[in-house]
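Everything on this sheet refers to the single structure shown next.
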Amino acid sequence: MIEAEVTTDVIDPTEVLSRVGDDAHGAALLFVGVVRDHADGRPVTGMRYDAYVEMAQPELARIADEAAARLGTDALVVVHRTGELDIGEVSVAIAASSPHRAESFDATRYVIEEIKKRVPIWKKEHYADGRDGWVAGVVPPGTGLSASGGAP
Amino acid sequence: MIEAEVTTDVIDPTEVLSRVGDDAHGAALLFVGVVRDHADGRPVTGMRYDAYVEMAQPELARIADEAAARLGTDALVVVHRTGELDIGEVSVAIAASSPHRAESFDATRYVIEEIKKRVPIWKKEHYADGRDGWVAGVVPPGTGLSASGGAP
Amino acid sequence: MSISVNALFFAAYRDLVGTGEIAVELSPGATVGDLVQALRARGAPFDGLPEQPAVAVNRTYAFLDEPLAADDEVAFIPPVAGG
Amino acid sequence: MSISVNALFFAAYRDLVGTGEIAVELSPGATVGDLVQALRARGAPFDGLPEQPAVAVNRTYAFLDEPLAADDEVAFIPPVAGG
């Protein structure tokens, strides 16, 4: 069971974890990403997550499918939230379970790393001084000049 | 906050996770070890965990302290259960949180790997055919012939 | 004869151009790179877009030499920062 | 003059020797290895213990050449399998 969601609803990590697990599985892993109160030493009061939802949703599903196929887990759920989040609120939860622990660790880690590289989601930090700013991100692979390196 | 426990009580992973986390932490990780219904293809109906509790408890605490010191997290909780467990029951839960995700992943993984190498806990599998057997384990480091390799 | 494509802007790019979506007329056979050039040629604020932005065409990442067809959805994707 | 140490047996070793704990008299200056030899010399079931078992002395893992003192707690530790 592989599930991927982009949602504006509050994420309950326990509920996400409860969706994986199986009598044949000896390990389960839950990763929780949370809005923290600082960024590079600067106090942060909240975060806005924007997404290109129509693309973020299938991209997240693709990542989950890749993790399952490459890393050998058939129980993986990833939920990413968008909208305005307060400090301590959950932005992303990823749960996996597997017969042995390595697959769950690897699959969960793969999903969060790929999210950060490829899923069209952006965040704007709200600073304590009233300003805000987009968080510096990562240019997704498969974009820019063509693979052959020629000019467009 | 670093906590390590060996307990005969049922483990609630959500409660373990709730003990970590901090406004300055952007990541939390929860590993859950569960009794599974098979071992090397043989059906298993339950598992008994025995421990040398007076040593397992401090050894678990040492592992947690090492994870904190080496891998840079100051929020780590590990709880290991002993006694008779049914399929699907939680044998161990490890939670960590940290400003960034790498520390939580690394600390959690370190703790489960070291538990399996060093903590004096043993498990006896109950098979579907009514037999049972001790699970093959790992010889802890720092034992056997002396470090110099001489005979005792 | 020209084709019309839909350009979408997100996050910092949306803040920059002041809108999330505009239709752009291009010559048949135009590529993503041609679309970028056409937009930047409009001057401010569009000339603030990068010369080689990341884009997705119809919700799949694409290189700048990708040819466009009528009604394609071309999203300008600032560096992503999910998680 | 002799010293008495407490030998503890867990898991498979406990099943083997049929008890969790016995007191053993040893000569002063005896090592963990001497304790193992003394136990195995008792014959069955103690000769089923390994010649070089893992042990912990006073709840810390120890090599077989570790010298013992009166009232030491020497645990025979089968290969561990926690988690």
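Of the conditions (1) at the interface with chain B (Cβ under 8 Å from one of its Cβ atoms); (2) touching a residue at least 12 places away in the same chain (Cβ under 8 Å); (3) in a loop (DSSP other than H, G, I, E, B), D:G83 satisfies every one except a single condition; which number is it?
Status for D:G83: all satisfied but (2).
Given A:A4, A:A28, A:A56, which one is more than 9 Å from every other protein chain (Cβ to nearest Cβ), surrounded by 20 or more Cβ atoms within 10 Å (Cβ to Cβ) and aliphatic (A, V, I, L, M)? Break it down stepwise before answering.
Values: A:A28 fails: more than 9 Å from every other protein chain (Cβ to nearest Cβ); A:A56 fails: more than 9 Å from every other protein chain (Cβ to nearest Cβ).
Only one candidate qualifies: A:A4.
If we scan the stretch B:75-91, do we find a residue that is within 14 Å of chain A (Cβ to nearest Cβ), part of a helix (DSSP H, G or I) and touching a strand residue (DSSP E or B) at 6+ places or on another chain (Cβ under 6 Å)?
No, because not a single residue in the stretch B:75-91 is within 14 Å of chain A (Cβ to nearest Cβ), part of a helix (DSSP H, G or I) and touching a strand residue (DSSP E or B) at 6+ places or on another chain (Cβ under 6 Å).
Could you please give the count of residues in the stretch A:1-52 that are in a strand (DSSP E or B) and either touching a helix residue (DSSP H, G or I) at 6+ places or on another chain (Cβ under 8 Å) or among the hydroxyl-bearing types (S, T, Y) (or both)?
16
State yes or no: is A:G72 touching a residue at least 12 places away in the same chain (Cβ under 8 Å), more than 14 Å from chain B (Cβ to nearest Cβ) and either more than 21 Å from B:R36 (Cβ to Cβ) or over 13 Å from the mean Cα position of the chain (by Cα) (or both)? Don't jump to the end; show me each part of the working.
Values: touching a residue at least 12 places away in the same chain (Cβ under 8 Å): yes; more than 14 Å from chain B (Cβ to nearest Cβ): yes; either more than 21 Å from B:R36 (Cβ to Cβ) or over 13 Å from the mean Cα position of the chain (by Cα) (or both): yes.
For A:G72, the condition - touching a residue at least 12 places away in the same chain (Cβ under 8 Å), more than 14 Å from chain B (Cβ to nearest Cβ) and either more than 21 Å from B:R36 (Cβ to Cβ) or over 13 Å from the mean Cα position of the chain (by Cα) (or both) - is met.
Select, from A:D23, A:D9, the only residue that is without any contact (Cβ under 8 Å) to a residue 60 or more places away in the chain and either within 30 Å of B:D40 (Cα to Cα) or more than 10 Å from chain B (Cβ to nearest Cβ) (or both).
Values: A:D9 fails: without any contact (Cβ under 8 Å) to a residue 60 or more places away in the chain.
Residue meeting the stated conditions: A:D23.
So which residues in the stretch D:8-30 are touching a residue at least 12 places away in the same chain (Cβ under 8 Å) and over 17 Å from D:V55 (Cβ atoms)? Steps first, please.
Residues of the stretch D:8-30 touching a residue at least 12 places away in the same chain (Cβ under 8 Å): D:8-13, D:16-18, D:20-30.
Those that are touching a residue at least 12 places away in the same chain (Cβ under 8 Å) and over 17 Å from D:V55 (Cβ atoms): D:G18, D:E25, D:S27, D:P28, D:G29.
Any residue that is assigned to a strand (DSSP E or B) and more than 23 Å from B:L17 (Cβ to Cβ) - is there at least one of those in the stretch A:98-114? Spell out the reasoning first.
Filtering the stretch A:98-114 down to residues assigned to a strand (DSSP E or B) leaves A:98.
So of that shortlist, the ones also more than 23 Å from B:L17 (Cβ to Cβ) come out as none.
No, because not a single residue in the stretch A:98-114 is assigned to a strand (DSSP E or B) and more than 23 Å from B:L17 (Cβ to Cβ).
More than 9 Å from the chain's Cα centre (by Cα) and either under 26 Å from B:W122 (Cα atoms) or aromatic (F, W, Y) (or both), is that true of D:E25?
Values: more than 9 Å from the chain's Cα centre (by Cα): yes; either under 26 Å from B:W122 (Cα atoms) or aromatic (F, W, Y) (or both): no.
For D:E25, the condition - more than 9 Å from the chain's Cα centre (by Cα) and either under 26 Å from B:W122 (Cα atoms) or aromatic (F, W, Y) (or both) - is not met.
Filtering the stretch B:115-144 down to residues that are among the hydrophobic types (A, V, I, L, M, F, W, C) and either on the phi > 0 side of the Ramachandran plot or not in a loop (DSSP other than H, G, I, E, B) (or both), which residue is nearest to the chain's Cα centre (by Cα)? Steps first, please.
Within the stretch B:115-144, the subset among the hydrophobic types (A, V, I, L, M, F, W, C) is B:115, B:119, B:121-122, B:128, B:134-136, B:138-139.
Right, trim to either on the phi > 0 side of the Ramachandran plot or not in a loop (DSSP other than H, G, I, E, B) (or both) and you get B:115, B:121-122, B:134, B:138.
Details: B:I115: 5, B:I121: 9, B:W122: 11, B:W134: 17, B:V138: 14 Å.
Restricting to residues being among the hydrophobic types (A, V, I, L, M, F, W, C) and either on the phi > 0 side of the Ramachandran plot or not in a loop (DSSP other than H, G, I, E, B) (or both), the top hit is B:I115.
Can you confirm whether A:E103 is among the acidic types (D, E) and touching a Ser or Thr at 6+ places or on another chain (Cβ under 8 Å)? Steps first, please.
Values: among the acidic types (D, E): yes; touching a Ser or Thr at 6+ places or on another chain (Cβ under 8 Å): yes.
Yes; evaluated as a whole, the condition is true for this residue.
Since D:A56 meets every condition but one in (1) within 17 Å of B:P120 (Cβ to Cβ); (2) within 11 Å of the chain's Cα centre (by Cα); (3) part of a helix (DSSP H, G or I); (4) among the hydrophobic types (A, V, I, L, M, F, W, C), which condition does it not meet?
With respect to (1) within 17 Å of B:P120 (Cβ to Cβ); (2) within 11 Å of the chain's Cα centre (by Cα); (3) part of a helix (DSSP H, G or I); (4) among the hydrophobic types (A, V, I, L, M, F, W, C), D:A56 is out only on (3).
One residue is enough: does the stretch A:97-104 have a residue meeting the conditions within 14 Å of chain C (Cβ to nearest Cβ) and either among the aromatic types (F, W, Y) or touching a helix residue (DSSP H, G or I) at 6+ places or on another chain (Cβ under 6 Å) (or both)? If you could, list the steps in order and put the result at the bottom.
Of the residues in the stretch A:97-104, the ones within 14 Å of chain C (Cβ to nearest Cβ) are none.
No, the conditions are met nowhere in the stretch A:97-104.
Could you tell me how many of the residues in the stretch D:1-25 are in contact with a strand residue (DSSP E or B) (Cβ under 9 Å, 6 or more places away or on another chain), surrounded by fewer than 18 Cβ atoms within 10 Å (Cβ to Cβ) and closer than 17 Å to D:D71 by Cα?
Here the count works out to 9.
Among the numbered conditions (1) under 25 Å from A:A4 (Cα atoms); (2) at the interface with chain C (Cβ under 10 Å from one of its Cβ atoms); (3) in contact with a strand residue (DSSP E or B) (Cβ under 8 Å, 6 or more places away or on another chain); (4) aliphatic (A, V, I, L, M), tell me where A:A136 comes up short.
A:A136 satisfies all of (1) under 25 Å from A:A4 (Cα atoms); (2) at the interface with chain C (Cβ under 10 Å from one of its Cβ atoms); (3) in contact with a strand residue (DSSP E or B) (Cβ under 8 Å, 6 or more places away or on another chain); (4) aliphatic (A, V, I, L, M) except (3).
Here is a check on your reading of the model: is A:G46 small (G, A, S) and at the interface with another protein chain (Cβ under 7 Å from one of its Cβ atoms)? Outline the logic, then answer.
On the way: small (G, A, S): yes; at the interface with another protein chain (Cβ under 7 Å from one of its Cβ atoms): no.
In short, no.
We did not get these values from a lab; they are worked out from the coordinates using the rules stated. Predicted model only: the values in this text are computed from it and were never measured. Positions of Cβ are generated from backbone atoms using ideal geometry, with glycine treated the same way; all protein chains shown enter the neighbour counts.
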